[in-house]
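Here's the structure we're looking at; comments come further down.
The values are calculated or read from the model by the stated rules, or taken from the named source; none is laboratory data. Computed from a predicted model, the values in this text were never measured in an experiment. In this analysis, Cβ positions are derived from the backbone assuming ideal geometry, glycine residues included, and neighbour counts consider all displayed protein chains.
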Number of protein chains: 2
Amino acid sequence: MALTLARTMPGVLELLPLDQIAFQRMLDVIRRNYERFGFLPVETPVIEFSDVLLTKTGGETERQVYFVQSTGALDKEGAPELALRFDLTVPLARYVAEHERELSFPFRRYQMQRVYRGERAQRGRFREFYQCDIDVIGKDALSVRYDAEIPAVIYSVFRELNVGAFTIQLNNRKLMRGYFESLGIVDGERQMLVLREVDKLDKRGADAVRDTLVGEAFGLDVAVVQKILAFVQVRSTSLQDAFDKLDALGSGPEIMEQGRAELKEVLAMIRDFGVPESHFVLNLSIARGLDYYTGTVYETTLNDHPQIGSVCSGGRYENLAGQYTKSHLPGVGISIGLTRLYWQLRDAGLINTAQSTVDVLVTQMDPAQLPAYLALATELRSAGIATEVVLEGGKLAKQFKYADRAGIRFVVVLGEDELAKGVVTVKDLRRQDQFEVARGELIKTLRVELEQAAAMG
Amino acid sequence: MALTLARTMPGVLELLPLDQIAFQRMLDVIRRNYERFGFLPVETPVIEFSDVLLTKTGGETERQVYFVQSTGALDKEGAPELALRFDLTVPLARYVAEHERELSFPFRRYQMQRVYRGERAQRGRFREFYQCDIDVIGKDALSVRYDAEIPAVIYSVFRELNVGAFTIQLNNRKLMRGYFESLGIVDGERQMLVLREVDKLDKRGADAVRDTLVGEAFGLDVAVVQKILAFVQVRSTSLQDAFDKLDALGSGPEIMEQGRAELKEVLAMIRDFGVPESHFVLNLSIARGLDYYTGTVYETTLNDHPQIGSVCSGGRYENLAGQYTKSHLPGVGISIGLTRLYWQLRDAGLINTAQSTVDVLVTQMDPAQLPAYLALATELRSAGIATEVVLEGGKLAKQFKYADRAGIRFVVVLGEDELAKGVVTVKDLRRQDQFEVARGELIKTLRVELEQAAAMG
């Protein structure tokens with residue numbers, strides 16, 4: 001038989017086991033923190049009906065959708081009936097609308113699953129990637145206090161992910177909208193176009209953006225453009241500084257005052273949630289999905305790795321599921337794109353290959369003693385210690401080498417001597433050290449060693 | 001805007017949060033036990049190249065495949081280039097072939113992900129379902145001892161899943177093949193056809209199967225058919241009984257003797273692995289995938305729910321990845337179809353809706369005290385206690401009702417009285433009980449309560 005080349009499609013991240021363990025640990029940290037804040041798990045099917053998935057999306061998103069057909073449906077005319085989800089927000093909207101009567105509101109859910117986008121193949125662009133989302137959905141109304149809880153979750157997650165210093169950046173779309181109105185840019189569409197230009201500040205530089213905005217396409221006054229550029233460059237250095245800078249914007253239309261009041265309430269409350277002032281700032285350039293978010297918006301950046309961009313973003317939206325239900329369902333949420341984050345952190349040398357999930361390898365010194373080795377392994381496993389037993393045998397040196405290569409730290413040897421003396425020899429491959437321990441003390445000793453190892457990271 | 005009906009496609013299992021928690025706990029138990037036995041995590045992409053996925057499969061499987069196309073590829077001629085995996089075995093084969101040089105052998109991996117099959121919509125048939133697989137893959141050779149380790153893992157998993165009494169049933173394809181040869185049924189294809197008829201024993205009854213086998217299509221001697229039917233009805237009642245019944249089959253061709261020797265070694269060693277004799281039996285009717293497995297085969301049944309059928313099956317195969325590599329990669333593994341298992345257990349009333357993952361709800365008695373409530377919540381969360389805070393306020397009775405409906409057991413009340421006295425009131429909604437505890441003792445007290453609750457299940 002001719003061989004088929006074993007390969008995966010471009011744009012997916014498939015990991016070797018020790019890398020998968022590192023990735024899994026990040027997933028576990030995120031999940032644990034989401035649960036600590038009282039978010040409940042939800043999983044939705046990867047495949048959704050195309051008409052359910054694509055009610056809201058424009059042409060651009062549509063081109064990136066993967067459609068699905070069973071063999072029997074391949075020859076049918078028309079667009080495929082099924083498609084893969086491209087985010088977790090549309091499935092959440094569908095889920096809440098479908099199960100509305102069975103849910104308690106405010107509904108706090110987390111969802112950590114993969115999503116699919118038919119991206120052009122390109123380094124760092126993924127066609128399959130994990131999103132780790134939380135959202136709080138209110139029925140009819142949702143207090144702005146929930147907007148202050150979200151940064152507390154972000155803080156908790158990223159502190160435990162141990163990826164260095166990070167900053168949660170906040171803005172408010174109402175403040176932005178109102179400020180633009182106060183400058184005479186009243187039309188929503190026009191605001192969006194201006195914001196899109198302003199968003200290019202980092203890429204194109206202030207001069208180029210200014211030229212565009214005073215040029216033919218926009219025709220804005222130089223003074224107005226100066227004000228816009230000054231606005232989006234506002235950053236706070238402390239909570240008090242944030243308040244001062246918000247006040248310094250001057251008064252504006254009602255929507256702007258509303259945004260300012262919301263931002264102040266949220267910023268003050270973030271501190272009450274225990275987030276240090278060093279970890280959150282006002283950043284009036286944050287706009288996010290221009291037509292989706294309506295109030296508070298968030299981005300999170302790693303202080304030492306600004307090139308990575310935002311690692312956790314989201315915001316407040318007015319109505320989650322208007323395409324499916326007449327119920328008014330405001331919400332606030334964030335998303336961590338974990339596949340991309342993991343890939344970038346590894347690329348930046350910030351993630352090491354993990355130690356194995358296997359704690360102990362029980363070697364096979366004497367094949368005749370295999371039942372004793374198996375009994376020992378059963379004992380260790382009952383104590384919650386992940387244990388592999390060498391079943392094939394072979395030279396001891398080769399067994400050690402296997403453990404070393406597989407990232408297993410502790411190797412247990414039980415030979416004639418040890419059996420006679422009622423002890424076990426433990427070899428610590430990381431410290432290049434070995435010691436004898438009484439058989440009855442083995443579990444206690446290994447537990448201490450493993451706890452120390454875990455604490456050391 | 002006209003509303004789109006929020007719905008999922010038939011054949012998927014979407015759960016409400018408390019059910020999802022119960023499901024997630026089962027996933028966690030399986031994962032924890034797989035890791036305890038030294039299996040390493042692997043995840044593979046849901047989408048694979050069609051030619052990679054379909055090298056081995058026949059027409060029947062092919063009809064059940066979901067093909068995938070990005071919008072740009074929809075108008076292209078020919079079969080779609082991409083497809084969704086229909087099991088975890090083909091992706092494992094591809095993974096091992098692709099990463100062979102970077103893996104340590106024997107390669108022990110677990111994989112717990114969803115797979116997709118374009119099944120006809122039918123009660124209890126799933127188009128998307130979790131498989132939880134383990135496999136041990138050898139390079140060139142793999143000791144039959146690994147065949148004995150697998151039932152130890154099954155025992156460990158199902159004991160902790162807490163689904164009542166279960167029995168692991170074993171057979172060996174070589175024994176079967178050899179026994180058929182000894183009866184003059186030498187051709188492999190013919191053996192398969194006979195086995196397929198014998199497999200209908202439960203459905204059609206012995207008489208109908210006998211009639212078919214002595215009839216025109218097969219033309220077997222009545223005596224031969226009698227022997228076959230006696231063979232497949234062999235069950236053991238203890239390890240010694242298994243040995244006796246294997247011996248009683250009489251001598252046969254080499255392949256049969258090999259199968260018998262393997263079965264004896266495996267059965268004896270399962271006991272050494274700590275599996276009680278009550279939990280594994282010889283069952284010579286087990287055949288499994290007729291063309292895939294080559295040695296030991298397993299099925300696992302719930303003693304009190306035989307109608308559910310096998311909840312965990314697998315076996316030994318000769319060569320995992322012959323379609324991708326010239327390397328000889330024998331292996332042994334099992335799969336738990338968790339979606340179906342969960343669904344059936346719930347259907348049989350064996351799974352209750354879980355308590356919430358949220359341990360504590362901090363109520364909002366006095367909005368002015370919100371900072372104190374937030375500080376308390378932060379404290380609880382730091383201690384690993386999953387805590388939700390009522391941020392919207394409202395009547396206390398309504399807050400209790402929310403907790404009750406959401407499955408949160410403990411509710412904390414911190415009013416003027418409590419603040420003055422330096423205490424906290426804890427309401428246990430399950431026991432319909434409440435008590436006061438000193439603020440400084442709250443975490444310790446709740447931990448004890450939660451541990452007790454966890455121990456009670």
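Brief remarks follow.
- Hits in the range A:1-12 - residues which are free of Cβ contacts under 8 Å to residues at least 60 places away in the same chain and within 7 Å of another protein chain (Cβ to nearest Cβ): A:MET1, A:LEU3, A:THR4, A:ALA6, A:ARG7, A:THR8
- Taking the criterion of being of a type in the set (Val, Ile, Thr) and not in a strand (DSSP E or B), the residues of the range A:329-375 that qualify are A:THR339, A:ILE351, A:THR353, A:THR357, A:VAL358, A:THR363.
- The range A:49-63, subset at the interface with chain B (Cβ under 7 Å from one of its Cβ atoms) and not in a helix (DSSP H, G or I), residue modelled with the lowest pLDDT: A:THR55
- Residues (within 14 Å of A:ASP272 (Cα to Cα), facing another protein chain (nearest Cβ under 7 Å) and in a helix (DSSP H, G or I)) located in the range B:376-392: B:THR378
- Here A:VAL311 clears all of (1) in contact with a Lys or Arg (Cβ under 7 Å, 6 or more places away or on another chain); (2) in the same structural domain as A:ARG94 (by TED's automatic domain parsing); (3) among the β-branched types (Val, Ile, Thr) except the condition numbered (1).
- If the condition is being among the small types (Gly, Ala, Ser), surrounded by fewer than 22 Cβ atoms within 10 Å (Cβ to Cβ) and touching a strand residue (DSSP E or B) at 6+ places or on another chain (Cβ under 6 Å), then the range A:314-336 contributes only A:SER335.
- Among the candidates A:VAL311, A:VAL332, the residue that is within 14 Å of chain B (Cβ to nearest Cβ) and touching a Phe, Trp or Tyr at 6+ places or on another chain (Cβ under 8 Å) is uniquely A:VAL332.
- Selected residue (criterion: modelled with the lowest pLDDT) from residues of the range B:64-76 that are facing chain A (nearest Cβ under 10 Å) and surrounded by fewer than 16 Cβ atoms within 10 Å (Cβ to Cβ): B:LEU74
- Scanning the range A:113-128 for residues that are at pLDDT 95 or above and surrounded by fewer than 20 Cβ atoms within 10 Å (Cβ to Cβ) turns up just one, A:GLN113.
- Filtering the range B:13-48 to residues that are out of contact with any Ser or Thr (no Cβ under 9 Å at 6 or more places or on another chain), at the interface with another protein chain (Cβ under 7 Å from one of its Cβ atoms) and not in a loop (DSSP other than H, G, I, E, B) leaves only B:GLN20.
- If you go through the range A:166-189 and pick out every residue that is of a type outside the set (A, V, I, L, M) and in a helix (DSSP H, G or I), you end up with 10.
- Filtered by the rule that a residue be polar (S, T, N, Q), within 30 Å of A:ASP19 (Cβ to Cβ) and surrounded by 12 or more Cβ atoms within 10 Å (Cβ to Cβ), the range A:402-444 gives a lone residue, A:GLN434.
- Test: residue in the range A:292-307 that is at pLDDT below 95 and in a helix (DSSP H, G or I): yes
- Residues satisfying the stated conditions in the range B:348-373, i.e. touching a residue at least 60 places away in the same chain (Cβ under 8 Å), of a type outside the set (S, T, N, Q) and more than 12 Å from every other protein chain (Cβ to nearest Cβ): B:LEU350, B:ILE351
- Annotation: B:THR300 fulfils all but one of (1) within 17 Å of the chain's Cα centre (by Cα); (2) surrounded by fewer than 19 Cβ atoms within 10 Å (Cβ to Cβ); the unmet one is (2).
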